[in-house]
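Below: one structure, written as structure tokens.
The values are calculated or read from the model by the stated rules, or taken from the named source; none is laboratory data. Here the structure is a predicted model, which is why all the values come from computation and not from measurement. Here the Cβ positions follow ideal geometry from the backbone for every residue, glycine too, while neighbour counts run over all protein chains shown.
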Amino acid sequence: MASITVRQLDDKLKRLLRLRAARHSRSMEDEVRVILRQAAEQTGGEVLEHLDPPARPTRQTTRAIAAGTKRILLIIGGGIAAYKSLDLIRRLHDRGAQVRCILTAAAQHFITPLAAGALCGERAYTDLFDAQSEFDIGHIRLARDTDAIVVAPATADILAKMAGGHADDLATAVLLATDKPILIAPAMNPRMWAAKPTQRNLAQLIADGIRVVGPNRGEMAEPLEIAAAVAAITRPAGPLSGRRVLVTAGPTNEPIDPVRFIANRSSGKQGHAIAEAAAAAGADVVLVSGPVSLHDPPGVSVVKVETARQMLAAVERAMPVDIAVFAAAVADWRPERTSENKIKKQPGQTPSLALIENPDILSTIAHRKSDRPRLVIGFAAETEALVANAKAKLAKKGSDWILANDVSPQTGIMGGDTNTIHLITANGVESWPPQSKDEVARMLIERIVGALGDAKR
Ligand SMILES: Cc1cc2nc3c(=O)[nH]c(=O)nc-3n(C[C@H](O)[C@H](O)[C@H](O)COP(=O)(O)O)c2cc1C
């Protein structure tokens, strides 16, 4: 970085550069490199010779910061549960969040800034008085350039400092300077937790609007629980706020032996689009997805499964929900037995494959005696007599709505980006125009919002 000295720029230029770098989630130095590279491309390349090799892209810069991606600032306190925060970073990434870390001085006795930084994909911040990080980002921007702050583990000491408004290190200064929602995951010895000052501090923090997750029997809440609580506080308010939505997507793979399986052409695009649209409408969304090559939609809990039976188990674990949309192309049958070893090719012999029926997930959930979702929506992928078959499916499966689509190869719907839907309800058939799967998802969410109306939750 010797060849680029950002510090020597005048204040106005520095301010503009800082804004541009923040917009692109790059360091100021990397932003300068990009600007110079763009200039070099326009002037024939000579500027490039004077540049350091480009900084290796971090996990965060290579990750597309998609619309709706949440930025989380994770403050790691000095408790024994600090190691769990490393897993929390992964869990937050799995939900599509961008994570930045601050470690208190005590936290660094338990885990290293290197480990936290490597998992975040950017350096971890530790010191209020570090001139370089204050210049690069500054504690005020750390406090503001985020959608939420999570303190995990929140030690007795941090709770006391927060309740008292202290700001004598980077973590507490940021906590005091922020205007963003704060979630704390306390973790401490049961006596420290029960101590009057701790309980007094906690009551004060709750009164100040700070959200709390855990502890569970003295232990910090599990990373998955904390990630779900983060999703809840960063979820946009919308017409489905307070509703829980389950979506299934993708194909299922039914194993024949360790290397072979029965699959289908479903891409999972329609189900993923519905999950994303439901989350954008404010719902708490669980997406149970078969094997697909798609990114997890931001702000959605994704459960990955392979087989129909795993999908049913994941769906049942996700209950109760208000709305269930079954967009997955679940294999109707699976091999009766799965060979433990790869089936060997034998000269002159063709193995026969006996199939048995898979559970019917849509019908199972639609016929639940207790905790049936208020709205059960299925998909019918047909290649002939589309509407007639879909109407029969609506009656047979007990679902409230069926979205029928023609998956004949010439339509390009299976695996493609567009879809033509006929919505079949007890009131009749509504044929939607051909449109992108994202538009289908938005239209379906509109219909769901309309159907739920302002009925009591
Ligand atoms: C081995 C060890 C484990 C600790 N575990 C916890 C803990 O789980 N919770 C807690 O509140 N404090 C714990 N402490 C005490 C904190 O590290 C101490 O209060 C420290 O000042 C907290 O600093 P911080 O809040 O700035 O991170 C532990 C201390 C040691 C030596």
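Laid out as a table, the results:
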{"read-out": "Matching option when the condition is among the aliphatic types (A, V, I, L, M) and modelled with pLDDT under 95, among V387, V330, V376", "value": "V387"}
{"read-out": "Residue selected from the range 79-99 under the condition of a type in the set (A, V, I, L, M, F, W, C) and part of a helix (DSSP H, G or I), by the criterion nearest to the ligand (Cβ to nearest atom)", "value": "A82"}
{"read-out": "Every pair of residues 6+ apart whose Cβ atoms lie under 7 Å, when the first sits in the range 377-390 and is without any contact (Cβ under 8 Å) to a residue 24 or more places away in the chain while the second is surrounded by 20 or more Cβ atoms within 10 Å (Cβ to Cβ)", "value": "N389/A380"}
{"read-out": "Counted residues, the range 152-185 - those being within 18 Å of I72 (Cβ to Cβ), within 9 Å of the ligand (Cβ to nearest atom) and outside any helix (DSSP H, G or I)", "value": "2"}
{"read-out": "Search result, residues across the range 393-412 that are of a type in the set (G, A, S) and either touching a residue at least 40 places away in the same chain (Cβ under 8 Å) or in contact with a Phe, Trp or Tyr (Cβ under 9 Å, 6 or more places away or on another chain) (or both)", "value": "S399, A404"}
{"read-out": "Residue within the range 335-355 that is crowded, with 19+ Cβ neighbours inside 10 Å and either of a type in the set (A, V, I, L, M, F, W, C) or under 28 Å from S241 (Cα atoms) (or both) present", "value": "no"}
{"read-out": "Residues (polar (S, T, N, Q) and over 25 Å from A404 (Cβ atoms)) located in the range 350-382", "value": "T350, S352, S370"}
{"read-out": "So G299, is it buried (at least 21 other Cβ atoms within 10 Å of the Cβ) and on the phi > 0 side of the Ramachandran plot", "value": "yes"}
{"read-out": "Pairs with Cβ under 6 Å, 6+ apart, first in the range 187-214 and without any contact (Cβ under 8 Å) to a residue 40 or more places away in the chain, second surrounded by fewer than 17 Cβ atoms within 10 Å (Cβ to Cβ) and part of a loop (DSSP other than H, G, I, E, B)", "value": "P190/G218"}
{"read-out": "In the range 196-224, the residues that are buried (at least 17 other Cβ atoms within 10 Å of the Cβ) and hydrophobic (A, V, I, L, M, F, W, C)", "value": "L202, L205, I210, V212, V213, M220, A221"}
{"read-out": "Every residue from the range 124-151 that is assigned to a helix (DSSP H, G or I), within 16 Å of the ligand (Cβ to nearest atom) and surrounded by fewer than 19 Cβ atoms within 10 Å (Cβ to Cβ)", "value": "none"}
{"read-out": "Evaluation of V285 against (1) of a type outside the set (F, W, Y); (2) under 30 Å from N358 (Cβ atoms); (3) crowded, with 24+ Cβ neighbours inside 10 Å; (4) assigned by TED's automatic domain parsing to the domain that holds V99 (one fails), failing number", "value": "(4)"}
{"read-out": "Elements of type strands (runs of 3 or more DSSP E) in the range 355-439, at least 3 residues being among the aliphatic types (A, V, I, L, M)", "value": "375-382, 401-406, 421-425"}
{"read-out": "Candidates I76, I102, I72, I65, filtered to the one that is at pLDDT 90 or above and more than 15 Å from the ligand (Cβ to nearest atom)", "value": "I72"}
{"read-out": "Candidate set from the range 105-123 (those that are under 24 Å from the mean Cα position of the chain (by Cα) and assigned to a loop (DSSP other than H, G, I, E, B)); member that is nearest to the ligand (Cβ to nearest atom)", "value": "R123"}
